[in-house]
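What follows is a single structure, written as structure tokens, with notes after it.
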Amino acid sequence: LVPATVFAPFASVLADRHRPALVLKLGYLVQAAGMGLTAAALLSGAPAWLAYACAAFTSTAITVTRPTEAALTPGLARVPEELTASNVVSSWNESVSILVAPAVAGVLLAVAGPGWVFLTMAVLVLAGAAAVAPIAGPAAPMSSGAGVTAELTEGFRVIVREPAARTLVGLLGT
């Protein structure tokens, strides 16, 4: 989880600097590749360090999609009601996934092993990439012209300075 924690702040600005729909597609493809590599390592009996490295890569890749979805969704909604409906469906989907995914993973673990869990997830994430492939979405928002490090530093300053921002990051980050 350490690589994902270190990379997450940088992942959060990708959709601000590049077309969010493209970042989302590429994020899903990189996730699928990481999951596929992890599955291959586990199913082939590769050394444990390789499976762990692939899993760390996968967890790092996953940090791209959530902030990108948050940046993309408002640009796809034509009216506020569509954005509200999208948020409701997204929250419902996440809630169901939190309940169902561990059960499915547990069954796969018991029946076939961890390699098959990662292989199944790789296929499902590829399906997600295919589902979002036709979306062009809006252009990237205008960058402030500051470098990534400057933007991240300012973001951390806001979190330290503003109690509401701290609360929001604390709630969403857990």
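The values are calculated or read from the model by the stated rules, or taken from the named source; none is laboratory data. Remember, it's a predicted structure, so these values are computed and weren't measured experimentally. Cβ atoms come from the backbone with ideal geometry, glycine included; neighbour counts cover every protein chain shown. Quick note on the areas: whole protein, heavy atoms, side chains included, nothing else; ligands and nucleic acids left out. Shrake-Rupley method; radii C 1.70, N 1.55, O 1.52, S 1.80 Å.
Some notes on this structure:
- Angle in degrees between helix 65-76 and the longest Cα principal axis of the chain, rounded to the nearest 10: 50
- Prolate/oblate/rounded label for region 73-174 (Cα gyration tensor, a/c 1.5): prolate
- Rolling a 1.4 Å probe over the heavy atoms of the protein chains gives region 1-49 an accessible area of 53 Å² per residue.
- Heavy-atom accessible area per residue - region 84-174, 1.4 Å, Å²: 70
- Relative to the longest principal axis of the Cα atoms of the chain, the long axis of helix 2-11 lies at roughly 40 degrees.
- Of the accessible area of the chain, computed with a 1.4 Å probe over protein heavy atoms only, carbon and sulfur atoms account for 74 percent.
- Among the listed values [x] 48, 34, 29; [y] 59, 46, 30; [z] 123, 42, 28, the one computed from these coordinates for Cα extents along the principal axes in Å is [x].
- Degrees between helix 148-161 axis and first principal axis of the chain (Cα, 0 to 90, nearest 10): 80
- Its Cα centre serving as origin, the chain has a Cβ charge dipole (Lys and Arg +1, Asp and Glu -1) of approximately 180 debye.
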